[in-house]
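Since every read-out is calculated from the coordinates, none of them should be taken as a lab result. All values reported here derive from a predicted model rather than from experimental measurement. Cβ atoms come from the backbone with ideal geometry, glycine included; neighbour counts cover every protein chain shown.
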Amino acid sequence: MVKKSIVLILLTCLSMLFLSGCWGSKEPDEMGYILSMGMDKGEESILDVSFQVAIPKALGSGGEGEGTNVVSLEAASIFGAIQLGNAFTARELTLIHNRVIIISEELAKEGLKKYLNPLIRSREARRNTFILITSGTAKEFLNKNNGNIINLDQYVDRAQKVFYMRAEWELDDFAIPSEKIGEYFDTLIASKLQMSWKIYFSEDVPNMAIFVSKMSHCLFDMLARYTAGEWDVEIPVIVSNHEDMRTVAERFGIEFHYFDVNSENKAEQEAAEVELLSKYNIDFIVLARYMQILSKDFVS
């Protein structure tokens with residue numbers, strides 16, 4: 001009986017341990033999520049590291065204060081700065097949400113291998129983190145305009161040798177007025193680097209045109225999503241090289257335009273289509289099983 005009692009007690013204790021939750025887990029309001037990081041040449045130490053840190057409690061509906069803070073520290077390494085930051089911020093800093101590392105040109109010229117190698121070996125650092133080189137200091141870049149980057153994506157077209165990037169940032173407390181952002185960006189950055197660029201604001205709803213032929217399944221799927229509010233777009237016009245889908249367009253209250261396209265009149269009809277798209281201020285088109293090959297002139 002004694003042995004059975006001991007076994008029973010041990011099993012009970014073990015079950016309590018397994019049911020008690022995740023060992024070593026941290027609550028979100030105990031964490032400081034690094035969204036972007038800047039690296040400059042330090043005066044006293046090797047590095048002057050700046051972290052843009054999201055404060056989860058401040059980001060919630062009931063939170064108070066700013067959603068992000070910029071913390072700057074001098075240390076011998078990035079992870080040394082993180083350890084110092086843990087003491088200063090009373091939070092545990094983490095790189096799991098870091099998307100961007102901004103490095104001053106002065107520091108980059110000295111070589112980055114010794115600074116970035118610890119990040120490459122770290123299991124916490126994201127493998128799709130972007131590295132940007134700035135002509136000024138990284139600290140100035142993070143602090144200057146109060147821009148909080150929330151999304152950053154890239155794509156490299158190796159055949160055309162073109163680098164594409166899409167950056168999304170919050171305009172709350174942004175130093176540059178919305179109507180001046182394009183002008184500032186072109187003057188200070190784009191023109192110097194010979195960049196092609198466009199700026200879109202999330203409150204501006206784009207106009208989309210649909211090109212379709214005879215098959216209806218793609219068209220119905222798109223219009224269902226549109227009417228359900230899944231897509232934040234306007235669809236003022238549907239274009240087709242057949243009359244079959246006119247009744248569908250009318251059912252959804254959308255203008256329908258038919259163009260009888262053939263090999264003899266293709267250039268003329270495409271010119272008319274371009275004129276129609278201009279009339280409706282169309283930002284982009286979607287091909288819903290449109291069984292025509294668009295010419296190079298039309299696409300350009």
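Calculate, for Ile189 and His97, the FRET efficiency according to 1/(1 + (r/R0)^6) with r their C-beta to C-beta distance and R0 22 Å; round to the nearest 0.05.
Once rounded, the FRET efficiency stands at 0.30.
Close amide H partners of Leu132, meaning residues 5 or more places away or on another chain with modelled amide H under 5 Å apart, are Ile101, Ile102, Ile103. Here are some pairs, Lys266/Lys296; Lys161/Lys296; Lys113/Lys192; which of them have Cα atoms lying more than 22 Å apart in this structure? Distance filter (> 22 Å) returns Lys113/Lys192. When the square roots of the Cα gyration tensor eigenvalues are ordered a ≥ b ≥ c, the ratio a/c for the range 185-300 is 1.5 or more and a/b does not exceed b/c, which makes its shape oblate. Ranked by the mean number of other Cβ atoms within 10 Å of their residues, highest first, the peptides 188-198, 202-212 come out as 202-212, 188-198. Residue-wise HN-Hα couplings along the range 98-113, as the Karplus relation 6.51 cos²θ - 1.76 cosθ + 1.60 with θ = phi - 60° gives them from phi, are 6, 10, 9, 10, 9, 10, 5, 4, 4, 6, 4, 5, 7, x, 10, 4 Hz; Gly and Pro carry x.
Taking the fewest neighbouring Cβ atoms within 10 Å as the starting point, the ordered list for Leu95, Leu287 is Leu287, Leu95.
List the residues, sorted by chain then number, that are 5 or more residues from Ser213 or on another chain and whose placed amide H is less than 5 Å from its amide H. Those lying under 5 Å, H to H, from Ser213 are Tyr290, Met291.
Starting from the Cα gyration tensor of the range 218-282, take the square roots of the eigenvalues, sort them a ≥ b ≥ c, and report rounded, prolate or oblate (rounded when a/c is under 1.5, otherwise prolate if a/b is larger than b/c, else oblate). Because a/c hits 1.5 or more and a/b exceeds b/c, the range 218-282 counts as prolate. Ordered by the number of other Cβ atoms lying within 10 Å of each residue's own Cβ, fewest first, Val156, Val299, Val239 fall into the sequence Val299, Val156, Val239. If you find the alpha carbon centre of the range 196-263 and of the range 264-289, how far apart are they in angstrom? A separation of 12 Å, based on Cα centres. For the listed peptides 248-258, 33-43, a ranking on the average number of other beta carbons within 10 Å per residue, highest first, reads 33-43, 248-258. In terms of other Cβ atoms within 10 Å, Tyr115, Tyr155 run from fewest to most in the order Tyr155, Tyr115.
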